[in-house]
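Working notes, structure below.
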Amino acid sequence: MTNAAVELQDISKSYGSVAVLDRLSLAIRKSEYVVLLGPSGSGKTTLLSIIGGFCEPSTGRVMIDGADVTDLSPAHRPTVTVFQDYALFPHMTVRQNTAFGLSMRRVPERERTAQAEKALEIVGLAGFGDRKVHQISGGQRQRVALARAIVIKPAVLLLDEPLGALDVKIRRQMQDELRQLQRALGATFMHVTHDQEEAMSIADTILLLNKGRVEDVGPPERIYKKPASLFAAAFMGEANLLQGRISNAVNGSVSVETSVGRIPAKGAGEVGRRVHVSIRPESIRTGNPPDGSGITLGKAKLSEFVFQGTHKRCMAAIGEGADNRLLLRLPADSDLTPESSAMLWVPAADVTLINEDAAQK
């Protein structure tokens, strides 16, 4: 890939008999914000460490800007890693922390001071240079760590759960600032998190890992709305995952017999094949579809209402049986109440077919 900032070629990592990464190959475009997302133990931090040079792959090669860096130490790679604990030096000022990498490169003092001040200005800390680390807040320490990283102009900036130690309000603010910073610099960012909301807020591309393998990769909206596997559908927020079998297949569309009835979906598969249908809770509407353009799910009895600010979360039972329950997110101003009944429908474009093969890869 000619425009790749990072290329991973057949990367595996094992500790004894335990495989952490399993023959992973991918290319990251230049100037892209990529988020490595997945549960604990999925291999995302190990992958970031391999790119940064802190961990050797068991097999495979790491290419950065077209050069093989697999055997290079972290100090000799065009990467900088920002860790969750920031790793700032408490005995140094904010300016000295920011300029540390330049000092290691023997940049003259006047020049490194000027560059450090410019980096602090970029991250919103102009005038903070003389303060000590203990004199600034957690969010400000995060900005110092970022300033120290960007001041040496790395080809790739690696962020290992950089917002994990911040409270919710500051974390959301820093998500916006990280995105703005990446766009302003035009740099390649690779960011590890286990937080789906964080990933969708900042990523150009999400790389979803599970047990050392790639479950899905693509833009946040596509991965959320059209997940490639059962794991991706379940991990990327709440979903109604209805198991069924294909009863009809023609011209790239199928009909799936599920516990709530027959549901048409775009996709291919043999008649009789076991599949899942994924429908996000917010996609299910009440009433009847306009002009017959949607898929009618049937009449349901509503229960278990929970007001969650932007919406009301509730359960809907269609017919009899525990498998006939669907999760809904109704508008916050909906006048429906527990024990009321409503017809349910879903736009055809919001139904995703997931084959068992993709779910078990």
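The values are calculated or read from the model by the stated rules, or taken from the named source; none is laboratory data. Keep in mind it's a predicted model, so treat the numbers as computed, not measured. Reconstructed Cβ throughout: ideal geometry from the backbone, glycine too, with neighbour counts over all protein chains shown.
Looking only at residues of the range 279-294 that are over 27 Å from residue 231 (Cβ atoms) and of a type in the set (Ser, Thr, Tyr), we find that the one that is surrounded by the fewest Cβ atoms within 10 Å (Cβ to Cβ) is 293.
Within the set 79, 93, the sole residue that is out of contact with any Ser or Thr (no Cβ under 8 Å at 6 or more places or on another chain), over 20 Å from residue 159 (Cβ atoms) and crowded, with 16+ Cβ neighbours inside 10 Å turns out to be 93. Scanning the range 13-30 for residues that are touching an Asp or Glu at 6+ places or on another chain (Cβ under 9 Å) and under 21 Å from residue 156 (Cβ atoms) yields 13, 24, 25, 26, 27, 28, 29, 30.
Being crowded, with 22+ Cβ neighbours inside 10 Å, over 29 Å from residue 136 (Cα atoms) and among the basic types (Lys, Arg), is that true of even one residue in the range 54-65? No.
Matching residues to (1) touching a residue at least 12 places away in the same chain (Cβ under 8 Å); (2) charged (D, E, K, R); (3) in contact with a Ser or Thr (Cβ under 7 Å, 6 or more places away or on another chain):
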{"site": "190", "(1), (2), (3)": "yes, no, no"}
{"site": "210", "(1), (2), (3)": "yes, no, yes"}
{"site": "213", "(1), (2), (3)": "yes, yes, no"}
{"site": "235", "(1), (2), (3)": "yes, no, no"}
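For every residue, the table says whether it meets (1) at pLDDT below 90; (2) of a type outside the set (A, V, I, L, M, F, W, C).
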{"residue": "108", "(1), (2)": "no, yes"}
{"residue": "112", "(1), (2)": "no, yes"}
{"residue": "126", "(1), (2)": "no, no"}
{"residue": "139", "(1), (2)": "yes, yes"}
{"residue": "144", "(1), (2)": "no, no"}
{"residue": "147", "(1), (2)": "no, no"}
{"residue": "158", "(1), (2)": "no, no"}
{"residue": "167", "(1), (2)": "yes, yes"}
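Taking the conditions (1) touching a residue at least 12 places away in the same chain (Cβ under 8 Å); (2) part of a helix (DSSP H, G or I) in turn, residue 247 satisfies each one other than (2).
Filter the range 305-340 down to the residues that are under 16 Å from residue 240 (Cα atoms) and either touching a Cys at 6+ places or on another chain (Cβ under 7 Å) or aromatic (Phe, Trp, Tyr) (or both) and list them by number. Passing the criteria: 328, 330.
Counting only residues that are on the phi > 0 side of the Ramachandran plot and touching a residue at least 40 places away in the same chain (Cβ under 8 Å), the range 270-318 holds 2 of them. In the range 150-236, counting only helices (runs of 4 or more DSSP H) that sit wholly within it, the ones holding 1 or more residues that are polar (S, T, N, Q) span 168-185, 196-202.
Outside the structural domain of residue 28 (by TED's automatic domain parsing), modelled with pLDDT of 90 or more and crowded, with 18+ Cβ neighbours inside 10 Å, is that true of residue 199? No, not satisfied.
Can you work out which of the residues in the range 265-278 that are exposed (fewer than 15 other Cβ atoms within 10 Å of the Cβ) and out of contact with any helix residue (DSSP H, G or I) (no Cβ under 7 Å at 6 or more places or on another chain) is nearest to residue 347 (Cα to Cα)? Taking the candidates together, the pick is 266. Taken as a whole, the structure leaves residue 204 outside the set of residues that are over 20 Å from residue 25 (Cβ atoms) and either in the same structural domain as residue 67 (by TED's automatic domain parsing) or not hydroxyl-bearing (Ser, Thr, Tyr) (or both).
If we keep just the residues of the range 57-116 that are closer than 30 Å to residue 10 by Cα and charged (D, E, K, R), which is farthest from the chain's Cα centre (by Cα)? Out of the qualifying residues, it is 71.
Filtering the range 107-147 to residues that are of a type in the set (Lys, Arg) and within 15 Å of residue 178 (Cβ to Cβ) leaves 141, 143. Among the residues that make up the range 79-87, is at least one of them over 27 Å from residue 193 (Cβ atoms) and in contact (Cβ under 8 Å) with a residue 12 or more places away in the chain? No, the range 79-87 contains no residue that is over 27 Å from residue 193 (Cβ atoms) and in contact (Cβ under 8 Å) with a residue 12 or more places away in the chain.
To keep it simple, each residue is scored yes or no on (1) over 16 Å from residue 261 (Cβ atoms); (2) among the hydroxyl-bearing types (Ser, Thr, Tyr); (3) in the same structural domain as residue 246 (by TED's automatic domain parsing); (4) in a helix (DSSP H, G or I).
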site	(1), (2), (3), (4)
291	yes, no, yes, yes
300	no, no, yes, no
304	yes, no, yes, no
333	yes, no, yes, no
336	yes, no, yes, no
346	no, no, yes, no
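For residue 207, the conditions (1) of a type outside the set (Gly, Ala, Ser); (2) surrounded by fewer than 17 Cβ atoms within 10 Å (Cβ to Cβ); (3) more than 17 Å from residue 80 (Cβ to Cβ) are fulfilled apart from (2).
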